[in-house]
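Written out below as structure tokens is the structure these notes cover.
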Amino acid sequence: IYADPAKRLELYFRPKDPYCHPVCANRFPTSTMLLRVRRRTKKKQQMDTEEQTQPEVQFEMEILGIVTTVYKFQGMSDFQYLAMHSGPDGKQTSMYDKVLMLKPEKEEFFNRDLPLYIPPPIFSRLDTPIDYFYRPDIQHRSGYNNPQVSGENLIGLSRARRPHNAIFVNFDDEEIPTKPLDAAVQNWKKVCTNPVDKKVEEELKKLFEVRPVWSRNAVKANISVHPDKLKLLLPYLAYYMLTGPWRSLWVRFGYDPRKHPEAKIYQVLDFRIRCGMKYGYAATDMPVKAKRSTYNYSLPITVKKQGSHTVSVHGLKQGLGTAGTSGAKKSPSSRYKLKESIYVFREGALPPYRQMFYQLCDLNVESLQKIIHRNDGTESECTERDGWCLAKTSDDLRDSMSLMIKQIIRSTRPALFSNTTSSEDGKEQLAYESGEDEDDEEEEEEDFKPSDGSENEMETEILDYV
């Protein structure tokens, strides 16, 4: 607990009871001394029988060290749930010997009829009392009618999402938009009030002239713009593809990639690093983290996190992200820029996350580009799964990229592959060069799991613009 500043110290009043809820102590810095005090008593010799002996007391003090961190128990104890059962006569019977398996048991132990006992994992979200301020009743204007709520939206957000007026296009849609919505134009003009914003607008226009299809991460890696401003700028210059080979990408207004075979280099590849026993390494053996993980969610043991800084329209007008004080350490030209590795795949380098959305033109490996351009000049039909590429092109790319990553992990941690025979190495090298695997069934996409939490990245981006 001491090694992690974000953890709280737990105290269990019944350590042997697995259903005991602890009390938690918060961590505080301090500058105090740790003292060792000894009290020594020495009896005086009795001079007179009538006088009482007065022992001589001496104190010895020694400074052992300086204390820099203390833990204080400031919260209340949580509710306690005992493994008890109330009989018909109201008598309480303990169930610990029936629900706790302290040693290997036979089948009869699991087939016994017992009353249902499912303790809740957590009772209270907070262990300190707080004042709850109730909101006053909202006073509406005369003539206001409450909106009709459908059965699908009975549980929703506390407020409606702020619309960013993006245009969403499906692969099956016949027409594509040629200009933004009027509301999107007004939103961008409202915040584009300084020369830096106009410069960013011109830079993004030039990016779409050079390349008509961009991912949001690729845009962030090429221009420095505040994320909240980018939410307003992208719908002003491009529309968003929901499905098909260009899903989750922003396309320049008036450009239809379904009608241009050369647009296959802008298609998206959903790549996820494969790991498991069949690949020779586990997720913990890779220096690649997941974007989000539910395994790190520990309530109420963690310290309350600081709230994110909210951004107002006034702050955007004042050039937030270009002249703010919070990012004064970085130059305005690179303050919000992402690294190139966030959207470009290179040989010999691991991706920053276990799941990545690459555009085919950003796979900077010669062998991968050969797979992409196998049918140059002979493209006949644009399909929703493969776009302008040959069938199973994405599978071939994933196989080759997975072998490259395995080679990187093999070079950094050779002990993981110490049991691999030389014959297998030869087969693997051939597969690495050809971009194919000898057994297609073992390399199916269903065999590996996506990184924790990152499978909803496209959905998260869509919600930002709804």
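What pairs can you find where one residue is in the stretch 219-239 and of a type in the set (S, T, N, Q), the other is open to solvent by 20 Å² or more (accessible area, probe 1.4 Å) and not in a helix (DSSP H, G or I), and their Cβ atoms are less than 6 Å apart, with a gap of 6+ or different chains?
These pairs meet every condition: S224/S333; S224/S334; S224/R335; S224/Y336; S224/K337.
Within the stretch 343-389, restricting attention to residues that are of a type in the set (S, T, N, Q) and crowded, with 19+ Cβ neighbours inside 10 Å, which residue is nearest to A221 (Cα to Cα)?
Let us first name the residues in the stretch 343-389 that are of a type in the set (S, T, N, Q), namely 355, 359, 364, 367, 369, 375, 378, 380, 383.
Filter again for crowded, with 19+ Cβ neighbours inside 10 Å, leaving 355, 359.
Working: Q355: 18, Q359: 14 Å.
Looking at the filtered set, the residue picked out is Q359.
Residues to consider are N187, N153; find the one that is of a type outside the set (K, R), open to solvent by less than 60 Å² (accessible area, probe 1.4 Å) and at pLDDT below 95. Can you show your working first?
On the way: N153 fails: open to solvent by less than 60 Å² (accessible area, probe 1.4 Å).
Checking each option against the conditions leaves just N187.
Given (1) of a type in the set (S, T, Y); (2) over 26 Å from the mean Cα position of the chain (by Cα); (3) surrounded by fewer than 19 Cβ atoms within 10 Å (Cβ to Cβ), identify the lone condition not met by Y236.
(3)
Can you give me the number of residues within the stretch 198-233 that are open to solvent by less than 10 Å² (accessible area, probe 1.4 Å), of a type in the set (A, V, I, L, M, F, W, C) and within 27 Å of the chain's Cα centre (by Cα)?
The qualifying residues number 6.
In the stretch 6-30, what count of residues is obtained for those that are under 27 Å from T69 (Cβ atoms) and either modelled with pLDDT under 85 or open to solvent by 100 Å² or more (accessible area, probe 1.4 Å) (or both)?
4
For V225, indicate whether it is of a type outside the set (D, E, K, R) and modelled with pLDDT of 95 or more.
no
Taking the stated definitions as given, is R14 under 47 Å from the mean Cα position of the chain (by Cα) and within 22 Å of P115 (Cβ to Cβ)?
Values: under 47 Å from the mean Cα position of the chain (by Cα): yes; within 22 Å of P115 (Cβ to Cβ): yes.
Yes, satisfied.
Residues in the stretch 335-356 that are within 24 Å of H226 (Cβ to Cβ) and assigned to a loop (DSSP other than H, G, I, E, B): how many?
The total comes to 8.
List pairs: first residue in the stretch 176-187 and within 21 Å of D256 (Cα to Cα), second residue open to solvent by 40 Å² or more (accessible area, probe 1.4 Å) anywhere in the structure, Cβ distance under 6 angstrom, at least six positions apart or on different chains.
T178/G254
The values are calculated or read from the model by the stated rules, or taken from the named source; none is laboratory data. Worth saying up front: this structure is predicted, and the values here are computed from it rather than measured. Ideal geometry is used to build each Cβ from the backbone, glycine not excepted, and the neighbour counts take in all protein chains shown. For the accessible areas, the whole protein counts, side chains as well, though only heavy atoms, and no ligand, DNA or RNA atoms are used. Shrake-Rupley method; radii C 1.70, N 1.55, O 1.52, S 1.80 Å.
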